[in-house]
Amino acid sequence: MPRTPWTRRTLTALAACVLLPLGAADCTGGHARSGAPSPAPVGKVLDDTDGAGRHLREVGTKNAPAVDVEVTPDPHDGWDVRLTFRRFHCSAPGAGRAAVTGHGLAYLFVDGHETARLRSYGYHLPGRLVPRGTHHLTARLYADDGTVWAVHGKPVQSTADITVSDPEPAQSPAPTSSPGSARSGRKASSAPTMGGAPVR
């Protein structure tokens, strides 16, 4: 029996419904087919770089990621670092090299020297990295392609000051003190910054 035009149109529509989900599954799996358009660029890569020589990626204030860093003395050795993110998620290993809005890694710097690359909220900073004196611990946010998230031309980062001094000699009776006080010889303070300037 010959097919009518209505039947042919129905079969064509059914074939299209079968093919579309297959194509969608391929995209969501992260495997781009040849000739497929690349993701839209995120922000604008600037000529300016951070102290480590990586280019800044400018994004608007509304969607910009943010980070706060808190440092407390570890009772045994070193310091416990805790990061708080806003509009930012650490990428899993193997996430790729493309910049994705609100994703990437947090780099830690001690006095401007890279110390760690974090994919989590917490880190233990060994005491040997912060000898006697005052040191600056900076957490800076990077996209997966290695560019620095930036707002108004300044890196998105937060800095904590760590001061290590010689412990005071024991006195009798010993006064009570809270962790991180001058008696322990270690204290920390932190403030979010943009390019080294405090954020008010």
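Tell me, which residue of the range 65-95 that is of a type outside the set (D, E, K, R) and over 15 Å from the mean Cα position of the chain (by Cα) is nearest to residue 138 (Cα to Cα)? Per the stated criteria, the residue is 71. For the range 50-62, the set of residues classified as touching a Leu at 6+ places or on another chain (Cβ under 7 Å) and either under 13 Å from residue 109 (Cβ atoms) or of a type in the set (Val, Ile, Thr) (or both) consists of 50 only. The requirement of being modelled with pLDDT of 95 or more, more than 30 Å from residue 134 (Cβ to Cβ) and open to solvent by 80 Å² or more (accessible area, probe 1.4 Å) is fulfilled nowhere in the range 66-86; no residue meets it.
The values are calculated or read from the model by the stated rules, or taken from the named source; none is laboratory data. Keep in mind that what you see is a predicted model, and the values were worked out from it rather than measured. Glycine also receives a Cβ, built like all others from the backbone with ideal geometry; neighbour counts cover every protein chain displayed. With ligands, DNA and RNA removed, areas are computed over all heavy atoms of the protein, side chains included. Shrake-Rupley method; radii C 1.70, N 1.55, O 1.52, S 1.80 Å.
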